[in-house]
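Chemist: The structure that follows is given in the form of structure tokens.
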Amino acid sequence: MARYLGGKLFNIIISLLVLATATFFLMKAVPGDPFTQEKAIPPEIKANIMAHYGLDKPLGTQYLVYMKNLFQLDLGESMKSQNRSVTTIIKESFATSAKVGAIAIIVSVIVGIYLGMMAALRHKKLIDNAAMFIAVIGISIPNFVIGALLQYFLGVKFPIFTVQGLEGPLDYVLPTIALSTLPIAFIARLTRSTMLEVLTSDYIRTAKAKGLSPHAILWQHGLRNGILPVVTYLGPMTANIITGSVVVERIFGLPGLGGHFVESISNRDYTLIMGITIFYAVILMAARFITDIVYIFVDPRIKVSGGVVKK
Amino acid sequence: MKKKLLVLVSLMLVLTGVLSACGKSGSGADQEFRMNLTTEPPSLDVSQAQDQVSFTVLTGLFEGLTRLDATGKVVPGVAEKWEVSDDSKKYTFHLRSDAKWSNGDPVTAQDFEYSWKRTLDPNLNPPAPYAYQLYYIKNGAKYNTKDGVTDAAQLGVKAIDEKTLEVELENPTPYFLNLTAFFTLYPIHKSAQTNANWAAEAKDYISNGPFKMSAWKHGDSLELVPNENYWAKDEIKLSKVKFSMVADANTELSMYQTGKLDWTGKPTGDIPVEQLDKFRKENNKELQIKGVASTYYYNFNNEKKPFNNVKVRKALSMAINRTDIVEKVTKAGQVPAYGFVSTGIFGVAGEYRSEVKDDYFKEDVAEAKKLLAEGLQEEGMTEMPEFTLSFNEGLHKTVAEAIANMWKENLGVNVKLEVQEWKVFLKNRQSLNYDIARAGWGADYNDPMTFIDMFTTGGGNNDIGFKNTEYDALVKEAYATNDQKARVDAMAKAEKILIGDNQAIMPIYYYTSAQLIKPYVKNYSVDFSGNLDYSRITIEK
């Protein structure tokens, strides 16, 4: 098992290095720089500023300097927001994204699994059809449409919730709905299809024959296998949601990481682009890593075979 | 869908309902003014700021030697009086004795000297991008660009004593007293000497204006409260100014409609264009539309065939219908432009554009066809080659489509439209890598020169490849004299060369700015270029 996890960890580090390198050179290949602006600043001032940020050096040197700083966990200063370090920007905006994201994930998992289970148990009955109909809608309507509709109807037309900001607990309602619609739909469908398969398998029949209560069969034997695909999906989904949805944060005007993601690129804020990309990658890979560990507990076959499981 | 929403809403209500008692704070004190900045101010350090958002915040926080009143007239600020030498190159400012910083320290002439020298310092960390706003000061450019002057003592700014500031200029600059109201010329408190990050957080921030910063939640909101040490604190009625930083124009509008903002739209926000049209049609009383001293135009690449030919340029410019563009496409009350200097800029006695009419050319399709044929012949071409019109994202696309359509219909020429990402676009435009490109220019200060000196040969903002010695000479002439009539005459002649004789660019319209303002907001002032001074606002509910 240690070998299994060690191998995974090694892969993560290599992937991060490749990612950082690729991002660095791709980013520099895009025309323009942080100080390209409509009202041209005199070339002498610009040269002076470029030199200050080390942008006058050859690309290779810039890369080496960046990587050296990166190994010391120094992400540098933002080139757009002066006097602000990239680490601080990420820390502050991630706090918002993670808070909203965590609520959305909890809601998604509870509601999604519940809907999926109900659909599987009442297979081909009304509740199944209704749940799956909802799921199809949830998957096919993009969250910026849902977000804008929610904002208009529940914020402006019937001002039950605020249209922007996170001042009180109620302010979390609309962003949470907008964020969790897609994951709920996805989880519900995943749960339903696996549960349908699981509920007709031999060991469930055995459990029934042993005379276990339907309740115990469902929750102790069914769900454990039934949620395996959900666990797989949950890793990347968590990474995705807690790092901030660009669209939802924009609609509800939340100071999260998502906005910085897009803005840093249009600003050519090199240090911030690198910082956020690496941060996102770390979160994503950490989520996968944790998923792998969770697998070991949910699926004992992995522990036995040292990670080589044919799925 | 409905059912699902219902389920979710009720679920969320259960989750959060318990806590809802301690819900959101109300609209707060009566004298609170709320507007949207759209983004986090990139820098509130006087030396580093260079954009509209930072400028809007700084307007409340600082006061320069002079101030502009609601009519745009220069009135005393920190300086209560000043003398100007006969050659208009030396100013002596006398600071008022009761001017104080938000921490109680007196505002001294040294604070101004320090600020200006700091901004011009080529070794500032990082160097100030807007330092060229101080190039009017004697040796300012030379010191900042390390061109022979390395000693800051040689700069034309000197504190004679605590309350007297002496400023020497490179050239007589009739609008210098307007510049001293501009944010790059604000003073900086001495604490910046030991704390380079003085402008990063609310707790370290020291300012000398009507307000001081009470909170700055980065990326979210920024709050100002009155500065009790401000010398004219009796004029300040607001108890709080709250800026939000919401990027989406639709959300901003929703906030205004639900009473979370008192002001939406320019200078730092935006009203979605389709909504704006709706408000105009229903004659919304809260909607204000005003000229903003900016011109929307197209760059011709004067170095590239066939746009190097004046007849071709004239033909293209005469073949479009500007009135249709402003009425059917942009729809925000813009004014068709036939000159370069926008409306709202001072001339000799009144507005320049009223004194110098922009009748340099007329739209005329028949004449345009003739000119195009002649021009192409001169270039040895039989027909207009397909060319590209490039522009950045946003509304510019609909304008470009309309113009391409007019060219196609009126001249039978084919134009390819190309939308480019902002910085890619700027890069291409600045390196003359285009045929025709969209452009816009807003006034930095209230004088035609802010437009005219742009197209001198080799000028930093001359991105059309225009070279004209006569034009350069006129600009120089206007720079050298102190006589406003002679200056305006020279600049008007230059404009005629640029547009009338050469049609080096294609003017399209003079910008307007639109905002929705709640009826209870009184005593705001919006200057010629659309900047908002909110410091004297009163809320009369």
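The values are calculated or read from the model by the stated rules, or taken from the named source; none is laboratory data. Not measured: the values here are computed from a predicted model. All Cβ positions, even for glycine, are placed from backbone atoms using ideal geometry, and neighbour counts span all protein chains on display. Ligands, DNA and RNA are stripped out before the accessible areas are found, and what is left, the full protein with its side chains, is counted by its heavy atoms. Shrake-Rupley method; radii C 1.70, N 1.55, O 1.52, S 1.80 Å.
Chemist: To the nearest 100 Å², how much accessible surface do chains B and A hide from each other in total, with a 1.4 Å probe?
Modeler: Its buried surface, counting both partners, is about 5400 Å².
Chemist: Determine the calculated [θ] at 222 nm for chain B from helices alone, applying -39500 (n - 2.57) to every DSSP H run no shorter than 4 residues and normalising by the residue count; nearest 500 deg cm²/dmol.
Modeler: Value at 222 nm, helices only, nearest 500: -8000 deg cm²/dmol.
Chemist: If you line up the Cα atoms of the stretch B:290-512 on their principal axes, what length do they span on each, largest first, in Å?
Modeler: Largest to smallest, the principal-axis extents are 49, 38, 36 Å.
Chemist: Another question, then. Summing Lys, Arg as +1 and Asp, Glu as -1, what charge do residues with Cβ under 13 Å from the Cβ of B:PRO519 carry, B:PRO519 excluded?
Modeler: +1
Chemist: Computed FRET efficiency, Cβ-Cβ of B:LYS81 and B:LYS522, R0 35 Å: what is it to the nearest 0.05?
Modeler: 0.70
Chemist: Ok, one more. Give me the dipole magnitude in Debye, nearest 20, for chain A about the Cα centre, with unit charges on the beta carbon: positive for Lys and Arg, negative for Asp and Glu.
Modeler: About 1320 debye.
Chemist: Another question, then. Give me the log10 of I(q) over I(0) for the stretch A:94-268 at q = 0.16 Å⁻¹, as the Debye formula computes it from C-alpha points; what are the numbers?
Modeler: Debye intensities relative to I(0), on a log10 scale: -0.93.
Chemist: Of the beta bridges DSSP finds with both residues in the stretch B:330-462, what % are antiparallel, to the nearest 5?
Modeler: So the antiparallel bridges amount to about 10 percent of the total.
Chemist: Over what distance in Å are the Cα centres of the stretch B:166-243 and the stretch A:214-237 separated?
Modeler: About 59 Å separates the Cα centre of the stretch B:166-243 from the one of the stretch A:214-237.
Chemist: Report the net charge of residues surrounding A:TYR63, where surrounding means a beta-carbon distance below 14 angstrom and charges are Lys +1, Arg +1, Asp -1, Glu -1.
Modeler: Every neighbour counted, the sum reads +3.
Chemist: At R0 = 45 Å, how high is the FRET efficiency between A:VAL298 and B:ALA215 if r is their beta carbon distance? Nearest 0.05 is fine.
Modeler: So, using R0 = 45 Å, E works out to roughly 0.45.
Chemist: Something else: What residue among A:THR200, A:THR176, A:THR88 shows peak mean-square fluctuation when chain A is described by a Gaussian network model with Cα springs under 10 Å?
Modeler: Ranking A:THR200, A:THR176, A:THR88 by mean-square fluctuation puts A:THR200 first.
Chemist: At a temperature of 10 °C and a viscosity of 1.306 mPa s, determine how fast the stretch B:398-529 diffuses translationally according to Stokes-Einstein, using the Kirkwood radius over alpha-carbon pairs as Rh; express D in µm²/s, rounded to the nearest whole number.
Modeler: Stokes-Einstein gives a translational diffusion coefficient of 90 µm²/s.
Chemist: Relative to 2.2 N^0.38 Å, what does the C-alpha radius of gyration of the stretch A:125-212 come to as a ratio? Two decimals please.
Modeler: Output field value: 1.56.
Chemist: Now for a separate question. Got a sec to turn the phi values of the stretch A:149-159 into Karplus ³J(HN,Hα) couplings, 6.51 cos²θ - 1.76 cosθ + 1.60 with θ = phi - 60°, whole Hz, x for Gly and Pro?
Modeler: Once rounded to whole Hz, the list reads 5, 4, 4, 5, 6, 9, x, 9, 5, 10, x.
Chemist: Here's another thing I want to ask about it. Radius of gyration and Dmax for the protein assembly as shown's Cα atoms, expressed in Å?
Modeler: Answer for the protein assembly as shown, Rg first and Dmax second: 31.1, 109 Å.
Chemist: Then there's this: My understanding is that a pair violates if its Cα-Cα distance is over 22 Å; which of B:LYS233/B:LYS290; B:LYS290/B:LYS328; B:LYS217/B:LYS242; B:LYS138/B:LYS158; B:LYS328/B:LYS522 do that in this structure?
Modeler: Over 22 Å Cα-Cα: B:LYS233/B:LYS290; B:LYS328/B:LYS522.
Chemist: For the stretch A:179-235, state the average projected area of the convex hull of the C-alpha atoms over all orientations, rounded to one decimal in nm².
Modeler: Computing the convex hull of the Cα atoms and averaging its projections yields 4.0 nm².
Chemist: Let me ask something else. I want to check the label-to-label distance for B:GLU355 and A:SER201. Put each point 7 Å from Cα in the C-beta direction and report it in nm to one decimal.
Modeler: 8.8 nm
Chemist: Where Rh is the Kirkwood radius over the Cα pairs of the stretch B:231-270, the temperature 20 °C and the viscosity 1.002 mPa s, what D in µm²/s does Stokes-Einstein return?
Modeler: 185 µm²/s
Chemist: Compare the Cα positions of A:MET27, A:ALA119, A:TYR63 along the charge dipole of chain A (+1 at Cβ of Lys, Arg; -1 at Cβ of Asp, Glu; about the Cα centre) and return the one farthest towards the positive end.
Modeler: A:ALA119
Chemist: Let me ask something additional. Using a Gaussian network model on chain A with a 10 Å cutoff between Cα atoms, which of A:LEU284, A:LEU174, A:LEU121 fluctuates the most?
Modeler: A:LEU121
Chemist: Determine the gain in length on full extension of the stretch B:ILE160-B:THR398; use 0.36 nm per residue of separation and subtract their C-alpha separation, reporting nm with one decimal.
Modeler: Result for the pair: 80.0 nm of gain on full extension.
Chemist: Among DSSP beta bridges lying fully in the stretch B:290-512, give the percent that are antiparallel, nearest 5.
Modeler: The answer is about 65 percent antiparallel.
Chemist: When only C-alpha pairs under 8 Å and at least 6 residues apart count, what is the relative contact order of the stretch A:94-268, in percent?
Modeler: The value is 37 percent.
Chemist: Which whole-number percent gives the relative contact order of chain A, counting Cα pairs below 8 Å spaced six or more residues apart?
Modeler: Over chain A, the number comes to 27 percent.
Chemist: For chain A, what are Rg and Dmax over the alpha carbons, in angstrom?
Modeler: Taking only Cα atoms of chain A, I get Rg and Dmax of 23.9, 85 Å.
Chemist: List the lysines whose Cα sits under 25 Å from the Cα of B:LYS496, skipping any in the same chain fewer than 8 residues away.
Modeler: Hits, sequence-local ones excluded: A:LYS39, B:LYS304, B:LYS305, B:LYS311, B:LYS314, B:LYS357, B:LYS362, B:LYS369, B:LYS370, B:LYS467, B:LYS476, B:LYS485.
Chemist: Quick check: net charge around B:GLY442, other residues with Cβ under 10 Å of its Cβ, Lys/Arg +1 and Asp/Glu -1?
Modeler: Once positives and negatives cancel, what remains is -1.
Chemist: What is chain B's relative contact order, in percent, from Cα pairs under 8 angstrom and six or more apart in sequence?
Modeler: Relative contact order of chain B: 18 percent.
Chemist: Please report, for the Cα atoms of chain B, the Rg to one decimal and the Dmax as a whole number; what are they, in angstrom?
Modeler: Cα-based Rg and Dmax for chain B come out at 25.5, 81 Å.
Chemist: Also: Hey, any idea what % of the stretch B:455-519's accessible area is carbon plus sulfur with a 1.4 Å probe?
Modeler: Roughly 54 percent, rounded to a whole number.
Chemist: For chain B, what is the percent of antiparallel DSSP beta bridges, rounded to the nearest 5?
Modeler: Among the beta bridges of chain B, antiparallel pairing accounts for roughly 80 percent.
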